[in-house]
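Asker: Quick one: the structure is below, questions incoming.
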Amino acid sequence: MVFTDIRSGHALKDMNDRELIPHLFRTEYSKITAVLCKLFGLEHIEIAEDIASETFLSALETWTYNGIPANPTAWLYAVAKNKARNHLARHRTFADKVVAQLKQSQEPQEMEIDLSVRNISDSQLQMLFTICHPAIPTEAQIGLALRILCGFGIDEIASAFLTNKEAINKRLFRAREQLRDESIRIEFPAEPEIKDRLEAVLTTLYLLFSEGYYSESRDPVLREELCIEAMRLTSLLIENDQTNLPAANALLALMCFHASRFKARRDKEGMVVLYDDQDETLWDQELIAKGAAFLHRATKGNRVTKYHLEAGIAYKHTAKADTKEKWDGILQLYNKLLVIEYSPIAALNRTYALSKVKGKEEAIAEAEKLNLSDNHFYFTLLGELYKGIDNATAMDNFQKALLIARTNTDKETIRRKIKDLQLQAPR
Amino acid sequence: MLIFRHQDGQKVASPEQIQVWMKQTMDWIGGIAAQNKYSGGNGLPFEDARVVRHDKVVTNGPFGDIKETIGGYIIVKADSVEEAVEFAKGSPVLQGEGNTVEVRRIAREDGIH
């Protein structure tokens, strides 16, 4: 796997025990849950989750006294298998139902619990399609994906979404109910459906990545984990021949380009460092090269998706040079992106690119037609455009932006712009 | 609907010139799309065009007796004909002398387009 390798390859060795256990829990919880859930059926998703949780509880108890075993993953799988078999043996009625479903005549005790690499990735991929079913609301999809496919704890999800555990528990409970009510099966969609269903999966992964990238959470590790998990799940799609389609490659390219700036976009205090102020030597060139390779693969086929265009824009931003050619290329990509799918942020970014190509006056005229006066980025943009032309108007716009900005990060960014402007042109 | 009418469809433009037009057109369309007012459109190349006449005689190209020819169209979501006219004024087609942009309403039950 492309991304787990990046991390677990060199990271596992360097990790101390305190880091290793939560890391293992996160990755292995999701694998065990996916395999068991696939085996038991979606209606028994809680049982699968319980067995996975109990496995880690045992690990915590045993490892604390006896130390971490030589092969912790194998240990976890062995315990999970035992617990699953015990559960089946103890709950004959449940076992009968599951076995009946599988149409197998074997004894539940001997039921095969396949925790091979192949079956894990198949199960996770199928779960991904199940969770991203069009019948499930997007918000619920993201919550479920984080819990079941990424092994995030309830409090971690709550922290990522800046809400409390109760709210997340409620949301997940409802989502599981919806999965059951719709009687969605855990399976890979049939060939003719794949393209449509893949679209829903890509949307969820895109949002999952954005949740991490723009998360307000104070925990930098958590924010990064969200993005890395979104990338890991997207690479599951790339590793499967049927889902290794241009749009999936374009999405992964987009994620790589954004993620390459992780180290540069926050300072030591966790404050956002804006693109222009970033130390580009901190940009991860290896990840940029990976992104470029995925983007190249995405050019096969004749459909240009919004992921292609966004990845193209992100690629252009991997070179910091503030040239007219770069911005002209970005402008053309935004033009195409807006034709495919309108979004306020794309409209604002296009106008910024326009100012770089055709000058601020023309961009101001276009900005004023955007009709986005409920959006603080709109006033931030106007502030930027008026800077140097009419600093008083620029200041007015920054103040308006500050008034309606909601998140602390955004407010802080605007305050800094105001301060810069005051320093530049004392009134 | 904004229909681009070209004065003389027989004029041949250089690839470079076409590229400049394309970019200008995309900038224009991008500006409309940035207002969430773009609905769709197509360029209509002159190559391989045919005209079928009343007597079923087929001739090449939309040219000949017809002075103006249509080079493309876009559909915008305008609140009024005045707004649509404002969009039309930005069209790079109008750089060509004699070219026009025709603004037409699309007949639909759900309102003006």
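The values are calculated or read from the model by the stated rules, or taken from the named source; none is laboratory data. Model, not experiment: these values are computed from the prediction. Because the Cβ atoms are built from the backbone with ideal geometry, glycine has one as well, and the counts that use them run over all protein chains shown.
Asker: Exactly one condition in (1) of a type in the set (D, E); (2) surrounded by fewer than 16 Cβ atoms within 10 Å (Cβ to Cβ); (3) not in a loop (DSSP other than H, G, I, E, B) is false for A:E229; which is it?
Answerer: Result: A:E229 passes all but (2).
Asker: What tally of residues in region A:366-398 results from selecting those that are part of a loop (DSSP other than H, G, I, E, B) and surrounded by fewer than 19 Cβ atoms within 10 Å (Cβ to Cβ)?
Answerer: 9
Asker: Name the single residue that is modelled with the lowest pLDDT among those in region A:77-106 being among the polar types (S, T, N, Q) and assigned to a helix (DSSP H, G or I).
Answerer: Checking each candidate, the answer is A:Q101.
Asker: Right, something else. Output the residue which, of all residues in region A:107-162 that are aromatic (F, W, Y) and more than 16 Å from A:T234 (Cβ to Cβ), is modelled with the lowest pLDDT.
Answerer: Among them, the one singled out is A:F161.
Asker: Another one. Looking at A:A401, A:A363, can you tell me which residue is in contact with a His (Cβ under 7 Å, 6 or more places away or on another chain), surrounded by 21 or more Cβ atoms within 10 Å (Cβ to Cβ) and either part of a helix (DSSP H, G or I) or at negative phi (or both)?
Answerer: Of the residues listed, the single one that is in contact with a His (Cβ under 7 Å, 6 or more places away or on another chain), surrounded by 21 or more Cβ atoms within 10 Å (Cβ to Cβ) and either part of a helix (DSSP H, G or I) or at negative phi (or both) is A:A401.
Asker: Taking only pairs six or more apart or across chains, which ones have beta-carbon atoms under 6 Å, a first residue in region A:195-213 that is farther than 14 Å from A:L236 by Cβ, and a second residue that is in a helix (DSSP H, G or I) and of a type in the set (V, I, T)?
Answerer: Correct list of pairs: A:L207/A:I142.
Asker: Just one of (1) free of Cβ contacts under 8 Å to residues at least 40 places away in the same chain; (2) buried (at least 17 other Cβ atoms within 10 Å of the Cβ); (3) polar (S, T, N, Q) trips up B:N60, so point out which.
Answerer: It fails just one condition, (2).
Asker: Another question about this same structure. Which one is farthest from the other protein chains (Cβ to nearest Cβ), of the residues in region B:12-44 that are loosely packed, with under 10 Cβ neighbours inside 10 Å and assigned to a loop (DSSP other than H, G, I, E, B)?
Answerer: Step by step, filter region B:12-44, then rank; the result is B:V12.
Asker: Could you list all residues from region A:320-341 that are modelled with pLDDT under 95 and within 24 Å of the chain's Cα centre (by Cα)?
Answerer: A:I340, A:E341
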